[in-house]
Amino acid sequence: MQRKYKRISEWEREEISLDLAREKSYRAIARKLERSPSTISREIQRGSVKTGYRPVSAQRKSDRTARTRRFGKRRLALEARLRSYVLRKLKQKWSPNEISSRIRVEYPLDMTMRISAEAIYQFIYVLPRGELKKTLLKSLRQERAYRRTKERNKESENRGKISEMLSIEERPKEVADRSVPGHWEGDLILGKYKRSALATLVERVTRYTILVPLVAKDAQSVRKALASEFRKLPKELARSLTYDQGKEMSQHKQFTIDTNIQVYFAHPSSPWERGTNENTNGLVRQYFPKGTDFSTITEAEIKAVERELNDRPRKILGYLKPIEVIQQSVALNC
């Protein structure tokens, strides 16, 4: 039975180099390594430089060839139209999974416009080093490290209690089961040295996101900025807000007077109670990573990111976009 060919290993290249130094013949080296003499001859020719055969140089050359070979066989390398779509969406910070599923929505009958999420990941990682690979890797969502429980407890202890809070447990059933749109989750994303911040609001049913620029992160500034954004919404999309127990929401009673929106507070150190908002904050961090000074970011830049987030297909929405789902909700209520 014919034996399947295996690529020459790094160890074999070291042996070839040593045996050449001992002036062994190509046939003797081939017998020792159980290789064909022609395989050894080609390897020595490919891996030789001016000073002779060098195993390290030969290994590098082999790795480069393998990467090029693998890259060349991939659909994204061969099909320009599909590649153009994928690269455009990656640069808009869509995940491979979002791209793979959304393309089926946009091209339901075009079977040439099909690609799996895994194929997109492999395409990115097999790219040779360069600016394109660097750009695409930055587009991928980074895994966020969990905060330590002790630090979160310490943070909540230092915050103090907010007076007359309504607990998350008192929310109407329609909020918990996401049966009606108009119920929001909110939070602050802190900037460099915690001196600046950006407020994030996300609607629980449609995942529609509002990014709120802040002149400061004190309670009055946050109250006024959030109220201003909520006043722009139709009444049926402004019913309640679930927030954590940050001091910036200590003026929640006045906020409710200003907007007629009831605020409910999650338990301390319980980010899963505002899971939609936590997930959205992770997406926002793709655009504004930790260490961003929000005082240097213009409102136009923030709203451009908001538009991109709402134009991004979501798995939870069947790969529809938040902007599409919220528009349907408004139309149904008209």
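The numbers here are math on the coordinates, done by the rules we state, and not lab data. These numbers come from a predicted model, not from an experiment. Note: ideal-geometry Cβ built from the backbone for every residue, glycine included; neighbour counts use all protein chains shown.
Details
- Amide proton proximity set for Phe265, modelled H, under 5 Å, gap of 5+: Leu166, Ser167, Ile168, Tyr243
- Distance in nm between pseudo-label sites at Ala331 and Arg83 (7 Å out along the Cβ direction from Cα): 3.7 nm
- In this simple spin-label approximation, Tyr193 and Asp311 carry label points 7 Å from Cα along the Cα→Cβ vector, and these lie 3.6 nm apart.
- Residues of segment 21-61 falling in the label zone of Glu14, defined by backbone nitrogen less than 13 Å from a point 7 Å along Cα to beta-carbon, are 55-56.
- Highest to lowest packing among 111-119, 320-328, scored as the average C-beta count within 10 Å: 320-328, 111-119
- Ser41 versus Ser116: modelled label distance in nm, points set 7 Å from Cα along the beta carbon direction: 4.1 nm
- Shown in residue order for segment 91-96 are the 3J(HN,Hα) couplings computed by the Karplus curve 6.51 cos²θ - 1.76 cosθ + 1.60 at θ = phi - 60°: 5, 8, 6, 6, 7, x Hz (x for Gly and Pro).
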